[in-house]
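The values are calculated or read from the model by the stated rules, or taken from the named source; none is laboratory data. Since the model is a prediction, treat every value here as computed from it, not as a measurement. Neighbour counts run over all protein chains shown; Cβ positions are idealised from the backbone, glycine included. Areas reflect the complete protein model, heavy atoms only, side chains present, ligands, DNA and RNA absent. Shrake-Rupley method; radii C 1.70, N 1.55, O 1.52, S 1.80 Å.
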Amino acid sequence: AVVSTQSTGDESADVIGAHIPALGLSNKAISKSDMETKIEHTGTATTKDYDIPYQVAFAPASLTQPPVEELLLQNTLWPELRKLYGHGYEVYQCAGSPDSTMVATSCKASKQQFAAVLLWECDNWTKSRQLVHHNLTVTRMKFSPDSSFLLTVSRDRDWAVWDVASASLVAASPPKCHARIIWDCAWFKDGSLSFATVSRDKKIKVWDFTEAHNTTDKWSCSCSRRFDAAITAIDISVTGVILLGFETGEISLVKRDNDQISVLCSVERAVCPTLTINTVQWRPGSEGTEFAVCSEDNNLLLLRVLLTPKNEE
C-alpha cells in the first residue's frame, strides 16, 4: 500500500493520523477537522483539545515516557493512498529510487514467473515494467545513487543489474557467483558503479564495472573476504565504510583497500542484537558515523561510531 504524510494546504484537512474501520482492511486518514467535530455519543472520548468519536482508536498524545504497545498500535498507522496489485504472492522486498520517481517490489517465489520485479511510477502509481530474470525470491533490491540502475539479488545465488529507463537487463552474474543465498547488496557512492554482495556462504564480494560487451562480464569480482558467520545485511557509506550485519547478530565495519577487504572494527557484542540482523542502514548525511540496525529479535538499534585515523589504517 502507498502511504503519505503530505500537507494539503488546508489546515483543517491536513492528515494527523489514521484508523482502521471495524469492517475495513485499509488505513483511513483522520484530518484535524474530523477530530474537532462535535459528536454527541455516549461513547465519545474527550481529551484536552479534541472530542474523539468512539469509532476512532487514534488519539493525539504528548509522551513523557516510552509508549506502551497499545498506544503504538493505535497511533502509528499511516493513511493509505492506494493499494498496488500485481504480485502472485506476498510482497517480500520494496525499494525506492533516490530521485523519488520509481519504486521496485518483489514477492516470494519458487518459479521465474513469480520472481519478476515490478517497477511502479511514483507520479501516478501505475506499473511501469516487469523485470524477469531470477528463478527464486528476490531478497534485496538497490537503486544506484543516480537512479539509473537497479541491482537485484536472489535466493538463486545470482545478481542482476537493470537499466531503469528501458527496463532492460544490463548485466548478470556468472553462474552461482555465491555458493549460497545472496542476502543483500549495496552500491558504492563514489560514482564508480561498483557494488558489493553478501551471502549465506559467509563471503562479501566487491564487483567492479568493466567495458566488456558480454552481460556476464560487465562487472567482475575484484576482491572478496570470508567471515566466520553468514552475512545477512550490508550498507556502504559515502566515505566507503562498509557496514556488515551477521546471522549471529554481530556487526562489523570494513573497508576496501584495492584488492583486499580489511576490518576496521567490530561493535561490542553486548551492544549487538541477539538474533539475525535483517537490515543495516547508514544515516544520510552522517558521513559514516551513525547507523540503524533491525534484527529478528524485534529490536531497532541506533548506533554511533567514531573511526579514528588508527582504525582507518
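Quick look at the numbers
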{"read-out": "Leading residue by the ranking (modelled with the lowest pLDDT) among those in the stretch 172-186 that are in a strand (DSSP E or B) and open to solvent by less than 20 Å² (accessible area, probe 1.4 Å)", "value": "Ala172"}
{"read-out": "So Arg82, is it out of contact with any helix residue (DSSP H, G or I) (no Cβ under 8 Å at 6 or more places or on another chain) and open to solvent by 50 Å² or more (accessible area, probe 1.4 Å)", "value": "yes"}
{"read-out": "Sole residue being of a type outside the set (S, T, N, Q) and modelled with pLDDT of 75 or more, chosen from Leu25, Leu73, Leu63", "value": "Leu63"}
{"read-out": "Where a residue in the stretch 69-86 is closer than 18 Å to Leu118 by Cβ and its partner, wherever it lies, is among the aromatic types (Phe, Trp, Tyr) and modelled with pLDDT of 80 or more, with Cβ under 7 Å and at least six apart", "value": "Arg82/Trp125; Leu84/Trp120; Leu84/Trp125"}
{"read-out": "Members of the stretch 123-166 found to be of a type outside the set (A, V, I, L, M) and exposed (fewer than 15 other Cβ atoms within 10 Å of the Cβ), listed by number", "value": "Asp123, Asn124, Trp125, Thr126, Lys127, Gln130, Asp146, Asp163, Ser166"}
{"read-out": "Residues of the stretch 275-288 satisfying the condition of being at pLDDT 95 or above and of a type in the set (S, T, N, Q)", "value": "Thr276, Asn278, Thr279, Gln281"}
{"read-out": "Scope the stretch 222-258; condition open to solvent by 60 Å² or more (accessible area, probe 1.4 Å) and touching a Cys at 6+ places or on another chain (Cβ under 9 Å); matching residues", "value": "Glu250, Arg256, Asp257, Asn258"}
{"read-out": "Residues of the stretch 103-119 that turn out to be modelled with pLDDT under 95 and under 18 Å from Pro145 (Cα atoms), as a count", "value": "0"}
{"read-out": "Which numbered condition Leu169 misses (of (1) part of a strand (DSSP E or B); (2) closer than 22 Å to Ile231 by Cβ; (3) open to solvent by 20 Å² or more (accessible area, probe 1.4 Å))", "value": "(2)"}
{"read-out": "Residue that is surrounded by the most Cβ atoms within 10 Å (Cβ to Cβ) [pool: residues in the stretch 94-122 that are touching a residue at least 24 places away in the same chain (Cβ under 8 Å) and among the charged types (D, E, K, R)]", "value": "Lys108"}
{"read-out": "Among the residues listed as Ser192, Ser220, the single one being of a type in the set (S, T, N, Q), within 23 Å of Trp162 (Cα to Cα) and not in a strand (DSSP E or B)", "value": "Ser192"}
{"read-out": "Output for the stretch 196-221, where each listed residue is open to solvent by 40 Å² or more (accessible area, probe 1.4 Å), within 13 Å of Asp158 (Cα to Cα) and modelled with pLDDT of 95 or more", "value": "Arg200"}
